[in-house]
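Questions regarding the structure given below will be posed in turn.
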Amino acid sequence: MIYTLTLNPAIDLFIDTDEMKPDTVNRTNSYDIQANGKGVNVSFILHRLDIENTALGVGGGFTNHYIVEELQRNGIPADFVEIPGTTRINVFTRVRSEQSEYKLVNKGPKVDSEYQQTLLQKIAALLQQDDYLCISGSFAQGIDPDILAKIAAIVQQNQAKLVIDTSYPEVLDTLKFQPELIKPNEVELASWFGKSKDITQAELVELARVLIKRGAKRVLLSLGANGALLISEENVLYGNAPTIKVVNTAGSGDTMLGTFLGGLATGVSDEANLKKSIAAGSDTARSSWITDFTNIQELEDEITVSSWEDENHGRN
C-alpha cells in the first residue's frame with residue numbers, strides 16, 4: 001500500500017476575472033474549487049494511474065470534511081486526524097487585463113501535540129513491510145519539522161519505505177533512516193547546504209550525491225523548465241523538459257512525484273520512470289489542474305533521458 005501524508009491540507013479557490021479594482025465589486029468570469037495539499041495531489045495522481053493508495057493527514061472543520069469527501073468520491077480512502085479549527089482556504093486570482101495572478105495562501109490551523117501523537121500512532125499501526133509513506137508539502141502551525149525524523153524512524157522500524165517532498169532542512173535528519181526517495185527542487189537542495197540559489201547543475205549533482213552517501217536511495221531533482229535529474233548510487237540520469245505553454249504550474253511537482261512514486265512501486269525502470277514523470281508534470285503545467293495522462297505521449301516523445309555528464313548538461 002502507498003500512503004500519502006498531508007500535514008497542511010487546503011481548499012484552493014481559483015478565480016478568473018477581467019479586472020481587479022480596489023473598493024469596488026469585482027465580478028468574476030468563473031471559479032473552481034479543488035481539494036488540495038501536496039500529498040492530496042499525489043493521491044489523485046496515483047489514483048489516475050490506477051494505483052491503490054490511502055490519503056492520511058490532519059485537518060478540521062467543514063473544509064477538511066470537503067477534502068476527505070472529495071478523496072472518497074474519487075475512490076481514494078482517506079484517514080485524517082480531526083483537529084479543532086478550520087482547514088485553510090487559499091485563493092488564486094487570475095486577472096486578465098494584467099495577465100497576472102494573485103496568490104493568497106493562508107497558514108492553516110494550529111495542530112497541538114496530542115493530535116500529532118495520535119497521527120504518529122496511526123502511522124505506526126498502519127504501515128507494513130514494503131509499504132510506502134509519502135510526506136509532501138508544508139506543515140501546519142504547531143508541527144515542528146523535527147517530526148520528519150520521528151516519522152522516518154517509524155517507517156524504518158516497520159520496514160516500510162519513505163518518500164519526502166518538503167523544503168525543510170530537517171530532511172537531512174532523515175537520511176540515517178535511508179529514505180527511498182527525496183524530491184527537492186534546485187533552490188531547496190542548495191539551501192539545505194547553505195549554498196546560493198545561483199548554483200551550477202554540476203554543483204547540484206554533487207550535493208545530491210552527498211544525500212545519497214548519507215543514506216538516501218534516490219534523489220529526484222526538479223529543474224523546472226530545464227527538466228529533471230535522478231541521482232542514485234548507480235548513476236545520474238538527466239531528462240530535458242518538453243516545450244509547452246504554461247497555464248498553471250501549481251501541482252506540476254506533485255504530479256512528477258506521484259508519477260515517479262507510482263513507477264517506483266510497480267517496478268518501472270528509472271529511465272522510463274523519469275521520462276514519464278517529466279511528461280506528466282509538464283502536462284499538468286499546461287492544464288488547469290493535474291494531468292489525466294491521456295495526452296502525455298506527445299510530451300514523452302520530446303524528452304530524452306540519458307546519463308548525465310558535466311560537459312554536456314552543466315549549466316548555470
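The values are calculated or read from the model by the stated rules, or taken from the named source; none is laboratory data. Only a predicted model underlies this, so the values are computations on that prediction, with no experimental measurement involved. Cβ coordinates were reconstructed from backbone atoms using ideal geometry, including for glycine residues, and neighbour counts include every protein chain displayed. Each accessible area value is taken on the protein alone, full model and side chains, heavy atoms only, with ligands, DNA and RNA left out. Shrake-Rupley method; radii C 1.70, N 1.55, O 1.52, S 1.80 Å.
As a test, work out the antiparallel percent of DSSP beta bridges whose residues both lie in the chain, rounded to the nearest 5.
For the chain, the DSSP antiparallel bridge percentage is about 45.
Could you pull out the pairs from K195/K245; K217/K245; K103/K195; K217/K275; K107/K276; K103/K150 whose alpha carbons sit more than 29 Å apart here?
Over 29 Å apart, Cα to Cα: K195/K245; K217/K245; K107/K276; K103/K150.
Oh, and also: Explain nothing, just compute: Karplus ³J(HN,Hα) = 6.51 cos²θ - 1.76 cosθ + 1.60, θ = phi - 60°, for every residue of the stretch 271-279 in order, whole Hz, x for Gly and Pro.
Once θ is set to phi - 60°, the couplings for the stretch 271-279 become 5, 5, 5, 5, 4, 5, 5, 5, 4 Hz.
Solvent-accessible area of E82, probe 1.4 Å, all protein chains present, reported in Å² to the nearest ten, please.
E82 exposes around 90 Å² with every protein chain in place.
Here is a further query. Skipping prolines and chain starts, which residues have an amide H placed within reach, meaning under 5 Å, of the one on T6, given they are 5 or more residues away or on another chain?
HN-HN under 5 Å from T6: L56, G57, V58.
For the ranges 52-58, 262-268, 141-147, what's the packing order if you count other beta-carbon atoms within 10 Å of each residue, average per peptide, and put the highest first?
52-58, 262-268, 141-147
Which distance in Å, rounded to a whole number, links the C-alpha centroids of the stretch 46-89 and the stretch 251-306?
23 Å
So, by mean Cβ neighbours within 10 angstrom, what's the order for 204-211, 250-257 with the highest one leading?
Final packing ranking: 250-257, 204-211.
Cα centroid distance between the stretch 163-199 and the stretch 130-155, in Å?
Cα centroid to Cα centroid, the span is 14 Å.
Considering only protein heavy atoms and a 1.4 Å probe, what is the carbon-and-sulfur percentage of the accessible area of the chain?
Working: 6510 of 14540 Å².
C and S atoms contribute 45 percent here.
I'd like the chymotrypsin sites (Phe, Trp or Tyr not before Pro) in the stretch 1-44 restricted to DSSP loop residues with at most 12 other Cβ atoms within 10 Å, sorted by number.
Sites meeting the loop and neighbour criteria: none at all.
Still on this model: Once every DSSP H run of n ≥ 4 in the chain is given -39500 (n - 2.57) and the sum is divided by its residues, what mean residue ellipticity at 222 nm do you get, rounded to the nearest 500 deg cm²/dmol?
Computed mean residue ellipticity for the chain: -10500 deg cm²/dmol.
Here's something else I'd like to know. Among DSSP beta bridges whose residues both lie in the stretch 160-316, state the antiparallel percentage, nearest 5.
Antiparallel bridges: around 75 percent, rounded to the nearest 5.
Here is a further query. Work out from phi, with θ = phi - 60° and the Karplus expression 6.51 cos²θ - 1.76 cosθ + 1.60, the ³J(HN,Hα) of each residue of the stretch 131-147, listed in order in whole Hz, and give x for Gly and Pro.
Coupling constants for the stretch 131-147: 5, 10, 10, 10, 9, 9, x, 7, 10, 5, 4, x, 9, 6, x, 5, 5 Hz.
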